Structures are given as structure tokens and as C-alpha cells.
1. Here is a check on your reading of the model: is Ser302 crowded, with 22+ Cβ neighbours inside 10 Å, touching a Lys or Arg at 6+ places or on another chain (Cβ under 6 Å) and not charged (D, E, K, R)?
2. Out of the residues in the stretch 357-407 meeting the condition of being of a type outside the set (Ser, Thr, Tyr), buried (at least 18 other Cβ atoms within 10 Å of the Cβ) and in contact with a helix residue (DSSP H, G or I) (Cβ under 8 Å, 6 or more places away or on another chain), tell me which one is farthest from Val339 (Cα to Cα).
3. Could you identify the single residue in Ala154, Ala96, Ala144 that is under 26 Å from Glu221 (Cα atoms) and of a type in the set (A, V, I, L, M)?
4. Among (1) outside any helix (DSSP H, G or I); (2) among the acidic types (Asp, Glu); (3) over 26 Å from the mean Cα position of the chain (by Cα), there is one condition Glu45 misses while meeting the rest; what is its number?
5. For the stretch 226-240, name all the residues that are more than 27 Å from Gln105 (Cα to Cα) and crowded, with 22+ Cβ neighbours inside 10 Å.
6. Output the residues belonging to the stretch 329-345 that are within 20 Å of Gly252 (Cα to Cα) and not basic (Lys, Arg).
7. Please identify the pairs in which a residue from the stretch 356-383 that is in contact (Cβ under 8 Å) with a residue 40 or more places away in the chain and of a type in the set (Asp, Glu) has its Cβ atom under 6 Å from the Cβ atom of a residue that is surrounded by 15 or more Cβ atoms within 10 Å (Cβ to Cβ) and not in a loop (DSSP other than H, G, I, E, B), counting only partners at least 6 apart or on another chain.
8. Does Pro44 fit the bill of being in contact with a Phe, Trp or Tyr (Cβ under 9 Å, 6 or more places away or on another chain) and modelled with pLDDT under 90?
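The values are calculated or read from the model by the stated rules, or taken from the named source; none is laboratory data. Owing to the predicted nature of the structure, the values given are computational and were not obtained by experimental measurement. Positions of Cβ are generated from backbone atoms using ideal geometry, with glycine treated the same way; all protein chains shown enter the neighbour counts.
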Amino acid sequence: MLNFRRFALIMMLLAWSSVVFGAGWLARSRLVPGAANRVTIHAPEYRLLDEAWGRVRESFIGEVPSDTIRNYGAIRGMLATLNDRWTVFVEPQPRAIERDHLRGQFGGIGVDIRIDEAGRVILTPRRNSPAEKAGVQAGDILVAVDGINFSNGAPFEDIAARVRGEVGTVVRITVNRAGRLIDFAITRALIEIPSVDWRVISDTAPNQTVIGYISIRQFTERTGSEVKQAITELQSAGSQAYLIDLRDNGGGLLASAIEVASQFLSSGNVLIEQKRNQTDGSIITVTHPVIGGGLAQRASLSVLVNRNTASASEIVAGALQDHGRARLIGEKTYGKGSVQLLFDLSDGSSIHVTSARWLTPNARAIDGVGLQPDIEAYRAEGEAERGIDSQLERALADLRAKSAASK
């Protein structure tokens, strides 16, 4: 069983932040192949753009950016005309990190990265990681990667791109430890990014319900199998009910959300999707049914949500709420009910295009609205620092009462 780890707001090398698009996102579980070659650009259509840029080159007093940077700016400008905050352009480095994150694994050295207020890059090695085995210690300040200085503060994507790489290759890092510079040569290994933590919550009082707690941080390619493993181990440990924690879960892959919801449902739909008909532009409706064979279809269930519960996590929460399988406890969710297709471009960058909007099984719209919890519960300021979680305690109390009533 995995040990429970409280989710922290840390920029991590092992997992790109759930705020990839600011507050949550939902992507198809497949990329669209050949996207880079689908559009043929005819120069006459861009004559005005070329004319304007020519004037800039002739007259601008400063340094004119490269063609690549100009193209990136043009793409962003074109997408901005769609007035859709989720249709975005992603440059190669952050796209590579996103791709690794969705796969749930990458080649690296196994360190968490935190950039402090002074812009220093603080390292924390993972247990049994290549970084820890090489001697990197928590609190070491990253100075350089393969001779490139990062001591003056650098974007997370730049640092991650330098540290990550092909499994079996060597990366050289320099750290500052209490004023002393130390060099490490570390061989990259396959680093896995767990998306789920679980543990048993039991009460010392007699005849109390044993609750299996499952915290889902993101919906990646691994999440479905991890939730299955969690349920299996928690059942073996005597769990009679389950509490799913979706707080601060910004979303992820649509297929993973369907797979997770299906573990707790026996039939029906997980969501309804509305998208454009490619032939005539009309709106068509597609349903996504429950995948049969769920491992916990009848056990008592509650779901924790907060204002950062978004997108794929709202799909799961909304489905369980509509089917009457679980009460939502916590705060009103974020309200992101759209699906993005991911088109990889020829240079490793990508565009994410909103292609559909989704509704709950009862046809409730979520986009811009969010899910209203059945039981409102809030964490008071300073609870985290004191090790208190009143939302969790409220959910546990409700689940115990619900389980007792069903016996």
C-alpha cells in the first residue's frame, strides 16, 4: 500500500502542476496524428502579415526576434481571435513535460523542484531515486545543469527540460550546499509519477466502519490502473466504504476519468458530450457509458471536492452525484466542462483546441457553473499548518453515518 502523502503546492520535476492551463484541463486520451501536415499555407493569404512584418524589420529600433519566436507569436494571436481561454499554444519544452506527465513516467533523476521567493531552485530528492543515491540532499540549491547556470532563477520548464532526458544517459548538476559547490554526475532512470495515494482510515471504537481513502491528484494514463490497485488493496485490508478525495485535482485525460468513475458504477452513462458535426457544423450529442466490471459498485461512497476540483475530476464527481452513488462534500467546484484535442506540431510544440463540451449524466452543464456540493464544508485559515483537515473529518463523519444506516 502506498503511504499517504499530503498534496503540497510545490513545483515538481516529477509532476507538472495541475494548473497547466491555469485552473484545470481535460484532454482526449489520444493525440490527433499528422496534425502538423493538415494545413497548407499559401503565401498570398498572408501577404498583409508579411507586409507588416517587413516594415517592422526595416524600422524597429530594437532587436527583431527570430522567425520561430515570430511564428509562435502569430499562432498565439490567431488562437486569441477564437476567444476561448482553453484553446492555447504550448511551446516544445512545456509540451514535453506535459506529455511525460500524462504518460505517468519519464527519464530523469527523481527530484522535486521548488523555486523560492528569492528565485533559488531548491531540490528535494525522492526516496531511492538516482538523485538520492548520488548524494543530493533536501535543501540543496541548484546552480547549474550540464554547465548551464540556473542560479539566477529560470522557468521551471527550462530546468526540467535540462534535467530530464533519455534513460541511461548522464546529467551533471552543480548544487550549493551551505555555501559549498558540489558537482554530481547522475545517470537518468525511468521515473514513474504516481497519480493516486491510498490508505485505510479506521476508528478505535468498536463496530466502526473501516474506510478506504483514495486521493487522486491527476488523471493520467496510470490513474485507472492505480485506482483499481487501490480498491483491491483496501478491500483486502477490510475497507467497507470509500472516500475519494478530488480536492485540488485540475483534471487530465477523459478516458481515465471514465475508467475511474466506472469502478463505482454498475450501468448508465458517465457523461454526455456535445461536439460539432464535421460535415455540416451542427451540434451532435455523444454519450460515454460506464465500463462494466467495477470493483466497488455497491460500497458506501463519498467524494471530497473544492474550488480547484476541475475538468476530469468534475466528470467523476458529477457522475457519482447524478447516479446517487456519492454525496459531494466540500466547496463548489471550478466549472470547466470542455474537452481539448491535442495536436502535436512538427517542432515539438502543440496546440490544444476546444472540441467539445460535456454534461453530467443528468444533462447538467458544468462549464462556468461548477458542481454544488451536497454538504458544504470549508477549511479554516491556517488548518494546513496545524495539521487539521476539517473537510476530511466532515466527510468521514458523513460516510460513517451513511454506512451505519445501510447495515
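1. Here the answer is yes, as Ser302 does meet what is asked.
2. Looking at residues that are of a type outside the set (Ser, Thr, Tyr), buried (at least 18 other Cβ atoms within 10 Å of the Cβ) and in contact with a helix residue (DSSP H, G or I) (Cβ under 8 Å, 6 or more places away or on another chain), I get Ala377.
3. Residue meeting the stated conditions: Ala96.
4. (1)
5. Matches in the stretch 226-240: Ser239 only.
6. Thr333, Tyr334, Gly335, Gly337, Ser338, Val339, Gln340, Leu341, Leu342, Phe343, Asp344
7. Asp374/Arg327; Asp374/Leu328
8. No: the conditions fail for Pro44.
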